[in-house]
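What follows is a short report on a single structure.
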């Protein structure tokens, strides 16, 4: 009981310390003179958790005392809780080997007690350890195991937490679409619970995914949501993180003024919080901005400070970033000797980090080998015991095996019959879907062909007729003899010019020549200029990856959708700013259209709005996806994704 005696001495000191917290003080008073029983074990575990945020060493002392006392009392619940608490302390120290040992010992007890909530919590923590060590498959398995239990227990808050962790694992695996899917599910739970902190975290994580997808419009939009909510709840750690992430995007867009303003605000918060790692990271990024903009003295100042902090707290990632920034700065200011020295230091630090990882991997391999050897010896002993038991029960096993075979054959027959029926139904459903798609395609093709015919008739028929009328009119105008007649002819000339322009405009809207002759980008530029040049709406058009043309059908779908969206903006939105972005990926094209108008309730209009139904029909016909995000007073963002052949 030596540790317990040290705990008593420690609590006497802390009870007289003026900075002690009220709740902790009361628990320390309860511990004084307490006897070794289950109540004292749980009290020590509570103190272990409380002191995790005050003193890690003190927290570990209370946790070890709780574990020792629980083992002496053979108090399973207390052993499981103490091992859980010590495992968390090990995670905080990045001592993952001891963390796993403590958590697995707790898991054995919680499984024996059938403590479902406790088991789920342990799966969650083991998944976090796997993720931190790069074992992503194991991390996903543990998080899914935790999610399954929380769903059975209907604990919505922890379901959202697990879904968020699963989304991050998928992001690390490179499956960004799956990551967004799980983040969206986590967000729905957090909205249901009105968990503002969780909601802000989900928006920030989704912004990270969109950033990896290089979709800067969506990324900034979600960062803005996260920043707004984190400011509302005054969570400074989340505020600084969102500001820094947004600044990184603006830096990539070379909007250095906005980037430096956000980095500066983030730095002020992190200095107030005492977040040394965050301070070093922000200073390094500011140094990059100052270097890019030629503000070399300021760059040198912040990079020097970043390097000093990173070296002090031994964070290799931030130290390498600062060294690389200094090397670049020295090279740009023609201090080549200094640039060489910093680059040499950068390589040395990088190599030391690599060596440390190699040593850790060797240690893990050795440990794994020793565990496997011990496991083989235990397995051999177990097999010998099982062999003796099998000989005694062989007859009964054969009978059970025969019965199992009969049941399996019956079950297999039923299964095969059911699967045959399901395949027939699936084949019929597939034929119906193909037929529906063919009909939809035929309708759209018919519409487009009719548009082409009407456009030709307007241009070649009505357009030429109006041209002929203008020629005859001019001949008559030359014969006019009075001023009154001249005024009448001028009015007629104005009306003919207006009619001719209207015919050309309608013909162009129905089938622009730019789309057929020059491709999608030229057609989009033409229709934006035609519709918005003389309107109060200012527009911005960005595109990338369309050096070569995509399929005619895909171009037509994207163009018609854009026409409909521009028409909606002019008629309904009240916007004065429109951003259109066309991006081509490896196997799909993306159209983003956003405005700053009055917005609308998407759920109210998506099923009865003719424009939205037209867009959805065209996108479905091209086997694409259509997503509209809007709310009253907050503008509208529409994203269309069309697969490319």
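No lab work stands behind these numbers, since they all come straight from the coordinates. Predicted model only: the values in this text are computed from it and were never measured. Cβ placement follows ideal geometry from the backbone for every residue including glycine, while neighbour counts extend to all protein chains displayed.
Using a 10 Å cut-off around each Cβ, can you sort 420, 170, 588, 183 from fewest to most neighbouring Cβ atoms?
With the sparsest Cβ surroundings first, the list reads 420, 588, 170, 183.
Based only on other Cβ atoms within 10 Å, what is the fewest-to-most ordering of 590, 602?
With the fewest neighbours first, 590, 602 line up as 602, 590.
Find the centroid of the Cα atoms in the range 286-344 and in the range 514-562, then give the distance between the two in whole Å.
First find each Cα centre; the distance between them is then 44 Å.
Relative contact order of the range 154-264, please, whole-number percent, based on alpha carbon pairs below 8 angstrom and at least 6 residues apart.
18
Could you list 123, 418 in order of exposure, starting from the residue whose Cβ has the fewest other Cβ atoms within 10 Å?
418, 123
Please report the antiparallel percentage of DSSP beta bridges with both residues in the range 519-643, rounded to the nearest 5.
Within the range 519-643, antiparallel bridges account for around 75 percent of the total.
At q = 0.21, 0.32 Å⁻¹, what log₁₀ I(q)/I(0) does a Debye calculation on the Cα points of the range 261-302 give, no solvent, two decimals?
-0.60, -1.04
Ranked from highest to lowest mean number of other Cβ atoms within 10 Å per residue, what is the order of the peptides 573-581, 149-157?
The densest-packed peptide leads the list: 573-581, 149-157.
Note down the relative contact order for the range 43-153 as a percent, whole number, built from C-alpha pairs under 8 angstrom at least six residues apart.
Computed over the range 43-153, the figure is 17 percent.
Post the alpha-carbon centroid distance, the range 231-272 to the range 81-100, in whole angstrom.
Computed from Cα coordinates, the inter-centre distance equals 33 Å.
Return, for the Cα atoms of the range 200-275, the radius of gyration and Dmax in Å, separated by a comma.
11.7, 33
Compute log10 of I(q)/I(0) for the range 59-215 with the Debye formula, placing one identical point scatterer on every Cα and leaving out solvent, at q = 0.09, 0.13 Å⁻¹, to two decimals.
With no solvent term, the Cα-only Debye profile gives -0.33, -0.65.
Using only the C-alpha atoms of the range 239-308, find the volume of their convex hull and express it per residue in Å³.
Considering the Cα atoms of the range 239-308, their hull volume per residue is 67 Å³.
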